[in-house]
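S.K.: Got a structure for you, questions after.
The values are calculated or read from the model by the stated rules, or taken from the named source; none is laboratory data. Computed from a predicted structure; not experimentally measured. Cβ coordinates were reconstructed from backbone atoms using ideal geometry, including for glycine residues, and neighbour counts include every protein chain displayed. We work out accessible area using only protein heavy atoms, side chains counted, and drop any ligands, DNA or RNA first. Shrake-Rupley method; radii C 1.70, N 1.55, O 1.52, S 1.80 Å.
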Amino acid sequence: MQGRQGRRPTTSPATTGEVLKLVREGLVATRTDIGRATGLSRTAVAARVDRLLADGLVTELQGGAVTGGRPAARLAFHAAGGTVLAASVGVSRSSLAVCDLAGSVLTTESLALEAAVGPERLMHAVGEVLARLLDESGSDPAAVRGIGLSIPGTVDSAAGCSVGVPALPGWEDVKLPPLLTERFGVPVRVDNDVNVMAIAEHHARPEVDDLLVVKVSTGIGAAIVSGGVLQRGAGGAAGEIGHTRVDGGPGVVCRCGNVDCLEAIASGSALIRDLSEAGRTVDSVAGVAELVKKGDAEAVRLVRVAGRRLGEVLAGAVNLLNPAVIAVGGDLVGAYEPLVAGVREVIYQRSMTASTQTLRIEPGALAGRSGVTGCAILVLDEVLSPAAVDAALATREVGAAAQVSSGAR
């Protein structure tokens, strides 16, 4: 049925959560705008806006009048109206952060604890650091609205667990959200580490709808944004390029059981092994990058060879997906020049000209923060969705009513 002129047809009134979505996306700025966009009456608009103001999700400031009349109060999403916690778990270390409701990092810290210690011990340590970061940032623990968590390899995002990843022995089928909700009492969203990097990189490049994100660190992985949508694949295993076999390799057995996987011969771990065998003292991916920065000829050579091997696998991906941008992140980005020189050399040799004419290969846009930023955006998209906002407001109102009723007795 057609609504009043200037208002959208609607089958049911817009909810408070849907009004927040309009404000958050910058589609409305005043109560009048909301009425026009939703068809809600002034009274209904006022009720929804008042609920959002009370919950700290929007602010309302007096603005200048457009037509010389009374100044119109302008609404804006209130990024400081709460926080989310972010934990980007890696094989050898994790990045943790407290972020505002726009996904901006307020404070961050690295946790040097290997995933091999197991999920229970690592998640306990993650919780300890996040609680301390909350305290140090002056954030109210009661204002935490959710936690975004990423781990390497294939993830069952519905169950919130790892799916048989060689890099995470002892993690398979362990449900991770309860290990954090027990302490913080908020929703936890879990995804693959490179997927959350892709979420952050796409957020930083909203004009790029076709994006391939590659993480080169202890291991190697990729994530695909196609048509503006993150592609997880049928079983959540899209982007597992680290376990693609490379022709002509030296015969190295990968931890997955296959031979000459890309990860086994071109990852940060592989470079640490090869440089150690060449007589260099290096025990971390950051140490590999440092050798390159110092101009160590063998380190530069091996990193460029690793880039060529990565380029062999990415050339097929470029022909298949035709991305506009390949964003390279991970700890080995500290050795970016020789690494990407090798990648470019092979991609431009082996990929179709039509796929590479406008292709950009560049470092990640977020200077090492794409993991925690992506975790924040991941959980924000859930806890600030219209349905989640409506459910949370209803729960709070029921609780408040119960307190009033109890106090009146």
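S.K.: Just name the residue that is most open to solvent (accessible area, probe 1.4 Å) out of those in segment 260-283 that are outside any loop (DSSP other than H, G, I, E, B) and of a type in the set (D, E, K, R). Please lay out each step first, then the result.
M.R.: Filtering segment 260-283 for residues outside any loop (DSSP other than H, G, I, E, B) gives 261-266, 268-277.
Among the residues that remain, those that are also of a type in the set (D, E, K, R) are: 263, 273-274, 277.
Values: Glu263: 23, Arg273: 80, Asp274: 39, Glu277: 143 Å².
The extreme case among them is Glu277.
S.K.: Could you list, ordered by first residue, the pairs with Cβ atoms under 7 Å in which the first is in segment 348-369 and over 16 Å from Gly307 (Cβ atoms) and the second is open to solvent by less than 100 Å² (accessible area, probe 1.4 Å) and in a loop (DSSP other than H, G, I, E, B), at least 6 apart or interchain?
M.R.: Ser355/Asn322; Thr358/Ala324; Arg360/Ala324; Ala365/Arg205
S.K.: If you don't mind, another one. When the residues of segment 331-349 are narrowed to those that are hydrophobic (A, V, I, L, M, F, W, C) and surrounded by fewer than 20 Cβ atoms within 10 Å (Cβ to Cβ), which ends up farthest from Ala200 (Cα to Cα)?
M.R.: Initially, segment 331-349 is screened for residues hydrophobic (A, V, I, L, M, F, W, C), giving 332-333, 335, 339-341, 343, 346-347.
Applying the additional criterion that residues be surrounded by fewer than 20 Cβ atoms within 10 Å (Cβ to Cβ) yields 341, 346.
Numbers: Ala341: 25, Val346: 27 Å.
The residue in question is Val346.
S.K.: How many residues, within segment 292-330, are outside any helix (DSSP H, G or I), surrounded by 19 or more Cβ atoms within 10 Å (Cβ to Cβ) and at pLDDT 95 or above? So that I can check it myself, show each step before the final result.
M.R.: From segment 292-330, those outside any helix (DSSP H, G or I) are 294-296, 322-330; that's our starting set.
Those still in the list that are surrounded by 19 or more Cβ atoms within 10 Å (Cβ to Cβ) too: 323, 325-330.
Remaining after also requiring at pLDDT 95 or above: 323, 325-328.
So the answer is 5.
S.K.: Quick one: which of Leu96, Leu106, Leu52, Leu61 is farther than 18 Å from Leu366 by Cβ, modelled with pLDDT of 95 or more and outside any loop (DSSP other than H, G, I, E, B)? Step through it out loud before you land on a result.
M.R.: Working: Leu96 fails: farther than 18 Å from Leu366 by Cβ; Leu106 fails: farther than 18 Å from Leu366 by Cβ; Leu61 fails: modelled with pLDDT of 95 or more.
Every option except Leu52 fails the conditions.
S.K.: Determine whether segment 381-391 contains at least one residue that is touching a residue at least 40 places away in the same chain (Cβ under 8 Å), crowded, with 23+ Cβ neighbours inside 10 Å and either under 14 Å from the mean Cα position of the chain (by Cα) or within 30 Å of Thr83 (Cα to Cα) (or both).
M.R.: Checked against the condition, which is being touching a residue at least 40 places away in the same chain (Cβ under 8 Å), crowded, with 23+ Cβ neighbours inside 10 Å and either under 14 Å from the mean Cα position of the chain (by Cα) or within 30 Å of Thr83 (Cα to Cα) (or both), segment 381-391 yields at least one hit.
S.K.: Within segment 1-27, how many residues are open to solvent by less than 40 Å² (accessible area, probe 1.4 Å) and either farther than 19 Å from Leu384 by Cα or modelled with pLDDT under 95 (or both)?
M.R.: So the count comes out to 2.
S.K.: Quick check, is Glu263 among the charged types (D, E, K, R), under 22 Å from Val300 (Cβ atoms) and touching a strand residue (DSSP E or B) at 6+ places or on another chain (Cβ under 8 Å)?
M.R.: On the way: among the charged types (D, E, K, R): yes; under 22 Å from Val300 (Cβ atoms): yes; touching a strand residue (DSSP E or B) at 6+ places or on another chain (Cβ under 8 Å): yes.
In short, yes.
S.K.: From Ala234, Ala286, Ala223, Ala238, grab the single residue that is in a strand (DSSP E or B), over 17 Å from Gly342 (Cβ atoms) and aliphatic (A, V, I, L, M).
M.R.: Details: Ala234 fails: in a strand (DSSP E or B); Ala286 fails: in a strand (DSSP E or B); Ala238 fails: in a strand (DSSP E or B).
The conditions single out Ala223.
S.K.: Turning to a different aspect of this structure: Out of everything in segment 226-259 that is free of Cβ contacts under 8 Å to residues at least 60 places away in the same chain and buried (at least 18 other Cβ atoms within 10 Å of the Cβ), what residue ends up being farthest from Val305 (Cα to Cα)?
M.R.: Taking the candidates together, the pick is Leu230.
S.K.: Related question: Residues being free of Cβ contacts under 8 Å to residues at least 24 places away in the same chain, part of a loop (DSSP other than H, G, I, E, B) and closer than 19 Å to Pro178 by Cα: count how many of those fall in segment 140-167.
M.R.: Counting residues in segment 140-167 that are free of Cβ contacts under 8 Å to residues at least 24 places away in the same chain, part of a loop (DSSP other than H, G, I, E, B) and closer than 19 Å to Pro178 by Cα gives 2.
S.K.: Also: Six or more apart or on different chains, Cβ under 6 Å: which pairs go from a residue in segment 170-193 that's within 15 Å of Ser88 (Cα to Cα) and open to solvent by 30 Å² or more (accessible area, probe 1.4 Å) to one that's outside any loop (DSSP other than H, G, I, E, B) and small (Gly, Ala, Ser)? Could you list them?
M.R.: Matching pairs, first to second residue: Arg189/Gly148.
S.K.: Among the residues of segment 194-203, which ones are open to solvent by less than 50 Å² (accessible area, probe 1.4 Å) and farther than 21 Å from Asn319 by Cβ?
M.R.: If the condition is that a residue be open to solvent by less than 50 Å² (accessible area, probe 1.4 Å) and farther than 21 Å from Asn319 by Cβ, then Asn195, Val196, Met197, Ile199, Ala200, Glu201, His202 are the ones that fit.
S.K.: Identify all residues within segment 109-139 that are open to solvent by less than 30 Å² (accessible area, probe 1.4 Å) and in a strand (DSSP E or B); write none if there are none.
M.R.: Leu111 - this is the single residue of segment 109-139 that is open to solvent by less than 30 Å² (accessible area, probe 1.4 Å) and in a strand (DSSP E or B).
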